[in-house]
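Have a look at the structure below before the remarks.
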């Protein structure tokens, strides 16, 4: 379990470096705002993968679907977050991350159904 | 043999944080026209889920309205992930209907993933008509209301000119029920993904959860 955890962290750091490197080489005029968003994306992924609950939800395998600036509501208050979306065999998993405070605001899942009748290529 | 489409999603989700207190939900939902298009949203689902993960895997059921490009007729539906999958319950209109899912104290044996296990009987009503029963492993459960939009990669999501709305909801608990609103002791989270948006004004002591994608 400990080795799995270490593997997740190392993988996350490698992905973060790749994302950052890609952004720098493909567009040298990248704006500071875009750069900060990219930095936030890498950091958000690391924070998400470092969480025990997230690790348990991803234990059956996953892919990263998206990492985007977002908002989350807690009752009638709203907070800016970075939303990391994972795809697993059973669920879509959303992790709302407060990068500035190095914390997770909340985790939610949207369970997958089998395709409904008719939801096939024709 | 046709292949299953791989779809991306966008939407909004209202959920309670506490998965260990409430036995079900009673809410009013209008799905809107559920727009779908071969170049836009391929499948549209507006639904209420109840359930929570068990050690043996996901365990949930739901009730709502759906439409897809390959079946362009809005339908009421229910779904149970381990006991029967999809069921359809007639043509859905755009007007507001009552949806109730209640997990009773009755325990029965049922077959789940090939194993005989015990579960609490749940009942689902749509528009005050009973449409389905099944079992959940836990009586106290998680609850959420969602607007799910699914599209093929490369396509944009269809605009929702008339927005799905959940309102006048309340939550069943051991001693009656309580309104699903903003007050101390009940934390609700409002999540968006993709191009999802929402508003959550208070109306009559409960949230009026309006959501859409752009």
Checklist entry - Of the residues that sit in the range A:43-54 and are crowded, with 16+ Cβ neighbours inside 10 Å and in contact with a helix residue (DSSP H, G or I) (Cβ under 8 Å, 6 or more places away or on another chain), which one is nearest to residue A:108 (Cα to Cα)? => result A:54
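Table: residues versus (1) more than 10 Å from every other protein chain (Cβ to nearest Cβ); (2) free of Cβ contacts under 8 Å to residues at least 60 places away in the same chain; (3) outside any strand (DSSP E or B); (4) in contact with a strand residue (DSSP E or B) (Cβ under 6 Å, 6 or more places away or on another chain).
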site: B:11; (1), (2), (3), (4): no, no, no, yes
site: B:25; (1), (2), (3), (4): yes, no, no, yes
site: B:28; (1), (2), (3), (4): yes, no, no, yes
site: B:62; (1), (2), (3), (4): no, yes, no, yes
Item to check | Total residues in the range A:55-95, condition within 10 Å of another protein chain (Cβ to nearest Cβ), surrounded by fewer than 18 Cβ atoms within 10 Å (Cβ to Cβ) and in a helix (DSSP H, G or I) | outcome: 1
Next on the checklist: Restricting to the range B:30-43, give me the number of residues that are facing chain A (nearest Cβ under 10 Å) and either assigned to a loop (DSSP other than H, G, I, E, B) or free of Cβ contacts under 8 Å to residues at least 12 places away in the same chain (or both).
Outcome noted: 0
Item to check | Lone qualifier among B:166, B:157 - being touching a strand residue (DSSP E or B) at 6+ places or on another chain (Cβ under 6 Å), closer than 27 Å to residue A:113 by Cβ, modelled with pLDDT of 95 or more and not in a loop (DSSP other than H, G, I, E, B) | outcome: B:166
Checklist outcome for this item: Taking the range B:13-23 and keeping only residues that are buried (at least 18 other Cβ atoms within 10 Å of the Cβ) and not in a strand (DSSP E or B), one is left with B:22, B:23
Next on the checklist: Being more than 10 Å from every other protein chain (Cβ to nearest Cβ) and touching a strand residue (DSSP E or B) at 6+ places or on another chain (Cβ under 7 Å) is the filter here; which residues of the range A:96-117 pass it?
Outcome noted: A:97, A:98, A:99, A:104
Item to check | Candidates B:134, B:93, B:119, filtered to the one that is within 19 Å of the chain's Cα centre (by Cα), at pLDDT 95 or above and more than 13 Å from every other protein chain (Cβ to nearest Cβ) | outcome: B:134
Checklist entry - residue B:144 passes all but one of (1) under 16 Å from the mean Cα position of the chain (by Cα); (2) farther than 14 Å from residue B:24 by Cβ; which number fails? => result (2)
Next on the checklist: It is to be established whether one or more residues within the range B:44-55 are touching a residue at least 40 places away in the same chain (Cβ under 8 Å) and assigned to a loop (DSSP other than H, G, I, E, B).
Outcome noted: yes
Checklist entry - Any chance the range B:167-190 includes a residue that's buried (at least 19 other Cβ atoms within 10 Å of the Cβ) and more than 30 Å from residue B:121 (Cα to Cα)? => result no
Checklist outcome for this item: How many residues of the range B:196-214 are within 25 Å of residue B:151 (Cα to Cα) and buried (at least 16 other Cβ atoms within 10 Å of the Cβ)? The answer is 8
Checklist entry - Filter the range B:47-60 for residues that are over 14 Å from the mean Cα position of the chain (by Cα) and closer than 12 Å to residue A:110 by Cα; which is farthest from the other protein chains (Cβ to nearest Cβ)? => result B:53
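The values are calculated or read from the model by the stated rules, or taken from the named source; none is laboratory data. In this text the structure is predicted, and so the values were computed from the model without any measurement. Positions of Cβ are backbone-derived with ideal geometry, glycine not excepted, and every protein chain shown enters the neighbour counts.
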